[in-house]
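Chemist: Mind looking over this structure? Questions follow.
The values are calculated or read from the model by the stated rules, or taken from the named source; none is laboratory data. Note that the coordinates shown come from a computational prediction; the quantities given were computed from them, not determined experimentally. As a convention, Cβ positions derive from the backbone with ideal geometry for all residues, glycine included, and neighbour counts pool all protein chains shown.
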Amino acid sequence: MKAQLKVRPNLIVELDGDKQSDLFRVIASAQEVFAEKRCGKCKGTDLRFRVRKNNQAQEFFELLCLGCGAVLSFGVHKNGGTLFPHRLRDVDGGGREWLPDDGWVRWDRDRQAEV
């Protein structure tokens, strides 16, 4: 089975799966990664996909807001290599909590911290 998913006016993702459940799975994954419509910080819609590398050749997948400079970071699943947005953070005591602004963060140079 094949599907075309229009996730943005200028971006169509082609997907396939052997069964309906497989296709459903890949559509859900594609929507989670590619269908983000606006920045969680400024609500801007001028977003760009960005991949950065560090000295150790590790890759960092991000969605960048050109309006305010905020980013939504993506992790990579160990099994399968699919991406997922970082919207939760670890807290002291072993729990997890939702990040503000739906996971969008901006680097504050004065504070030397993400805000």
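Chemist: At pLDDT 95 or above, of a type in the set (Phe, Trp, Tyr) and assigned by TED's automatic domain parsing to the domain that holds LEU88: does that describe PHE24?
Modeler: So PHE24 fails the test.
Chemist: Okay, next question. So, GLU62, is that one surrounded by 13 or more Cβ atoms within 10 Å (Cβ to Cβ) and part of a strand (DSSP E or B) or not?
Modeler: For GLU62, the condition - surrounded by 13 or more Cβ atoms within 10 Å (Cβ to Cβ) and part of a strand (DSSP E or B) - is met.
Chemist: If you scan segment 35-52, which residues turn out to be over 16 Å from the mean Cα position of the chain (by Cα) and surrounded by fewer than 10 Cβ atoms within 10 Å (Cβ to Cβ)? Working first, answer last.
Modeler: Restricting attention to segment 35-52, the residues satisfying the condition of being over 16 Å from the mean Cα position of the chain (by Cα) are 42.
Passing the criteria: none in range.
Chemist: Oh, and also: Filter segment 67-104 down to the residues that are within 15 Å of the chain's Cα centre (by Cα) and hydrophobic (A, V, I, L, M, F, W, C) and list them by number.
Modeler: ALA70, VAL71, LEU72, PHE74, VAL76, LEU83, PHE84, LEU88, TRP98, LEU99, TRP104
Chemist: Restricting to segment 1-24, name every residue that is surrounded by fewer than 15 Cβ atoms within 10 Å (Cβ to Cβ) and either of a type in the set (Gly, Ala, Ser) or free of Cβ contacts under 8 Å to residues at least 12 places away in the same chain (or both).
Modeler: ALA3, GLN4, LYS6, PRO9, ASN10, ILE12, SER21, PHE24
Chemist: Among the numbered criteria (1) at negative phi; (2) within 18 Å of the chain's Cα centre (by Cα); (3) part of a loop (DSSP other than H, G, I, E, B), which one does GLU32 miss?
Modeler: Just one mismatch for GLU32, condition (3).
Chemist: Taking the conditions exactly as written (of a type in the set (Asp, Glu) and at pLDDT 95 or above), does ASP90 satisfy them or not?
Modeler: It is false that ASP90 is of a type in the set (Asp, Glu) and at pLDDT 95 or above.
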